[in-house]
Every structure is written in structure tokens, then in C-alpha cells.
1. I need the full set of residues from region 75-96 which are outside any helix (DSSP H, G or I) and crowded, with 16+ Cβ neighbours inside 10 Å, in order please.
2. Which of (1) in contact with a Phe, Trp or Tyr (Cβ under 7 Å, 6 or more places away or on another chain); (2) part of a helix (DSSP H, G or I); (3) not small (Gly, Ala, Ser) is the odd one out, the single condition Thr68 does not satisfy?
3. Please work out which residue is nearest to Thr116 (Cα to Cα), limiting yourself to region 24-58 and to residues that are surrounded by 14 or more Cβ atoms within 10 Å (Cβ to Cβ) and of a type in the set (Lys, Arg).
4. Please go through region 112-132 and give me each residue that is under 23 Å from Ile55 (Cβ atoms) and surrounded by fewer than 17 Cβ atoms within 10 Å (Cβ to Cβ), ordered by number.
5. Of all residues in region 1-21, count the ones that are part of a loop (DSSP other than H, G, I, E, B), surrounded by 10 or more Cβ atoms within 10 Å (Cβ to Cβ) and under 27 Å from the mean Cα position of the chain (by Cα).
6. With the requirement that a residue be modelled with pLDDT of 95 or more, among the small types (Gly, Ala, Ser) and more than 30 Å from Ala170 (Cα to Cα), what does region 1-60 give you?
7. Considering only region 147-163, I want to know if a residue exists there that is surrounded by 13 or more Cβ atoms within 10 Å (Cβ to Cβ), touching a residue at least 60 places away in the same chain (Cβ under 8 Å), assigned by TED's automatic domain parsing to the domain that holds Asn50 and of a type in the set (Asp, Glu).
Amino acid sequence: MSDGFRVTSSVPLLHSYVFDVERVSVAHGGQAFERDVARHRGAVAILAINDAGEIGVLRQFRATMDRTTLEIPAGTCDVVGEDALATAQRELREEMGCEAATWRLLARLMVSPGWTDQLMLIYEARDLRELDRRPEGPEESAATTEWLSPERLREVLAGEPAIDATMAAALNRVYGTFFD
């Protein structure tokens with residue numbers, strides 16, 4: 001549904017290995033305006049829960065925030081022809097060193113529709129088997145993994161300056177109201 005809005009043209013501004021940026025021209029009600037839009041191939045995130053009921057998280061440096069953050073495993077859908085579930089399975093192996101026998105789609109989220117078309121698919125992974133981690137890139141290679149009970153994770157997150165929105169959505173989907 002466009003409610004009478006119509007994209008009339010787009011001009012590429014930036015191409016990167018993760019996303020592209022376009023300036024789109026929009027017409028509506030006799031007016032025209034422009035918006036810069038980040039085009040993204042999509043991403044996945046995984047709420048991995050082991051047999052003890054602990055949640056797998058990573059501590060990883062993020063240049064965008066200039067600090068180390070606490071996150072659930074996640075990654076960009078950057079392999080041509082790979083479906084989202086296969087991407088999630090690959091990311092879980094790379095980042096946490098696990099594979100899961102049971103997968104469930106928890107949510108499809110628009111990350112920030114005011115400036116990007118990125119769609120995030122969040123999966124729950126259970127019945128885990130530990131394998132060797134296969135990190136890619138300097139941040140992922142330096143990341144540390146932890147397995148925290150829901151209660152301990154609540155305590156840890158209470159001390160964080162900000163919480164990863166993908167993790168918050170996944171936790172709320174599985175545990176109900178996770179945050180006070």
C-alpha cells in the first residue's frame with residue numbers, strides 16, 4: 001500500500017560490501033521530495049538456547065558504536081543463492097561454534113524503515129551440538145562467547161548502556177516480557 005506515494009527515480013550514492021545507498025525521488029499529492037535509502041540484502045539473528053536453558057551471546061567490538069557490545073549471533077545474507085535459514089545455520093557455526101537440530105522462525109523485523117529496507121529474520125535454535133568456531137574477520141575472531149541463564153542475562157543487560165534491539169526482540173518473543 002502506497003497511499004498515493006510513488007517513487008519516481010533513484011540515483012546510486014554509495015556501494016559497499018554490506019549495503020548500498022540511493023537517493024530516491026518521491027511524488028505525492030502534487031509535491032516531490034527526496035529521501036536517502038540504505039539498501040540491504042537482509043540479515044538473520046539467532047537466539048541459541050542450549051540444553052541447560054542458557055542463551056548464547058557474543059561480546060564483540062562494533063566500530064559503529066566504538067565499543068564492545070553484547071549480542072546474539074547474527075549476520076548479513078551475503079552469500080548468493082543461500083536462503084535465510086542456511087545463513088542462520090552458517091552464522092551459528094561461525095560465531096558460536098554450534099549447530100542446531102531444531103530451528104524456529106521467531107520474527108521478521110524491519111530494522112529501521114525510515115532509512116533502510118533491511119529485513120531481519122530472527123530464529124530460535126535448540127538441540128545444539130558444539131563444534132569448532134569458524135569466525136570471519138577481525139572483530140568476529142576477537143569476539144568471546146558466553147552462555148548465560150535468562151536470569152543472569154537480565155542482570156548483565158541491566159548494566160549495559162544500550163541493548164541490541166535484535167536480541168531484545170528475540171528474548172521478548174521467547175520469554176514474554178524479558179525487560180522490566
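The values are calculated or read from the model by the stated rules, or taken from the named source; none is laboratory data. None of these values were measured; they are calculated from a predicted model. Because the Cβ atoms are built from the backbone with ideal geometry, glycine has one as well, and the counts that use them run over all protein chains shown.
1. If the condition is that a residue be outside any helix (DSSP H, G or I) and crowded, with 16+ Cβ neighbours inside 10 Å, then Gly75, Thr76, Cys77 are the ones that fit.
2. Here Thr68 clears every test but (2).
3. Here the residue is Arg39.
4. Arg126, Asp127, Arg129, Glu130, Leu131, Asp132
5. Total meeting the criteria: 1.
6. Residues satisfying the conditions are Ser9, Ser10, Ser25, Ala27, Ala32.
7. Within region 147-163, none of the residues are surrounded by 13 or more Cβ atoms within 10 Å (Cβ to Cβ), touching a residue at least 60 places away in the same chain (Cβ under 8 Å), assigned by TED's automatic domain parsing to the domain that holds Asn50 and of a type in the set (Asp, Glu).
Every residue, every condition in (1) modelled with pLDDT of 95 or more; (2) closer than 15 Å to Thr76 by Cα; (3) outside any loop (DSSP other than H, G, I, E, B); (4) among the hydroxyl-bearing types (Ser, Thr, Tyr), yes or no:
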position	(1), (2), (3), (4)
Ala101	yes, no, yes, no
Leu109	yes, yes, yes, no
Tyr123	yes, yes, yes, yes
Arg129	yes, no, yes, no
Glu140	no, yes, yes, no
Glu146	yes, no, yes, no
Leu157	no, no, yes, no
Ala162	no, no, no, no
